[in-house]
Amino acid sequence: MKLTIVYDNESKPGLKSDWGFSCLIENAKKILFDTGADSEILLYNMKQLKIDPKDINIVALSHNHWDHTGGLTGFIEANENRAKVYQPTDFLEITEISQGIYSTGALGTLIKEQSLIINTKKGNIVIAGCAHPGLENIIDKAKKFGEIYGIMGGFHGFSKLEKLRGIQLIAPCHCTQYKQEIKEKYFVNYKEIKAGSVIEI
């Protein structure tokens, strides 16, 4: 299992940063979770990371905000329309979209958003795009599917930090408002991530 942050507000040297989020999940298939805000930046970072858009099998969009879907049209063109695209409202409950990778189903009221749950040998990893429905609610939903080993992505206005207790890998990025507080409270399990970061399990 390999997770690569392709698009984020911060980036490693040689990559471009921009407000938005995209993460590549490599398991049985290659799944792109969100496409950032701009296709030129997305495709530039993919090229630098030696990711061929035509190799992507599935695109899953967390929610329909520009900073998560803005790169989709340009990506689909580069992908030659090979990838299956899953919208945030395609699933109402936890649904397997690829071997060992599940959508939480659409959560929230005003903003419908799906997160991903990934089975790994260490436990489940949850990836959130922005966590508009509340990260605590995403965590509660994912826990019904098994213990959570790691959680990463945008945590938005999440402040109920006690909900992260017991999670071994905590990797907030993008729109997380309380990143420093999370880092101070969970410094042992905290991992800094940005465009170009890779997590292998």
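The values are calculated or read from the model by the stated rules, or taken from the named source; none is laboratory data. Keep in mind it's a predicted model, so treat the numbers as computed, not measured. Neighbour counts are summed over all protein chains in view; Cβ atoms, including those assigned to glycine, are modelled from backbone coordinates with ideal geometry.
Name the single residue, out of those in the stretch 177-201 being more than 23 Å from I118 (Cα to Cα) and among the polar types (S, T, N, Q), that is farthest from the chain's Cα centre (by Cα).
Filtering first and then ranking leaves Q180.
Within the set of pairs 6 or more residues apart or between chains, which connect a residue that is within 16 Å of F21 (Cα to Cα) and basic (K, R) inside the stretch 166-188 to a residue that is buried (at least 20 other Cβ atoms within 10 Å of the Cβ) and at pLDDT 95 or above with Cβ atoms less than 9 Å apart?
From residues that are within 16 Å of F21 (Cα to Cα) and basic (K, R), the pairs are K179/F155; K179/P172; K179/C173.
List the strands (runs of 3 or more DSSP E) that sit entirely inside the stretch 82-201 and contain at least 3 residues that are out of contact with any Lys or Arg (no Cβ under 8 Å at 6 or more places or on another chain) and of a type in the set (D, E, K, R).
In the stretch 82-201, no matching strands (runs of 3 or more DSSP E) lie anywhere.
Please name all residue pairs, on different chains or six or more residues apart, with Cβ atoms under 6 Å, provided the first residue is in the stretch 48-71 and is within 18 Å of Y102 (Cβ to Cβ) and the second residue is surrounded by fewer than 17 Cβ atoms within 10 Å (Cβ to Cβ) and of a type in the set (S, T, N, Q).
L61/Q87
Any chance the stretch 50-62 includes a residue that's at pLDDT below 95 and over 14 Å from the mean Cα position of the chain (by Cα)?
Within the stretch 50-62, none of the residues are at pLDDT below 95 and over 14 Å from the mean Cα position of the chain (by Cα).
Residues of the stretch 154-168 being surrounded by fewer than 18 Cβ atoms within 10 Å (Cβ to Cβ) and either under 16 Å from the mean Cα position of the chain (by Cα) or of a type in the set (D, E) (or both), which ones?
E162
Read through the list (1) in contact with a Pro (Cβ under 7 Å, 6 or more places away or on another chain); (2) part of a loop (DSSP other than H, G, I, E, B), then give the number of the only condition that F75 fails.
(2)
Rundown of residues vs (1) touching a His at 6+ places or on another chain (Cβ under 8 Å); (2) farther than 21 Å from A60 by Cβ; (3) β-branched (V, I, T), yes/no style:
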site: G108; (1), (2), (3): yes, no, no
site: G129; (1), (2), (3): yes, no, no
site: I139; (1), (2), (3): no, no, yes
site: G150; (1), (2), (3): no, no, no
site: K160; (1), (2), (3): no, yes, no
site: Q168; (1), (2), (3): no, yes, no
site: Q177; (1), (2), (3): yes, yes, no
site: Y186; (1), (2), (3): no, yes, no
site: K191; (1), (2), (3): no, yes, no
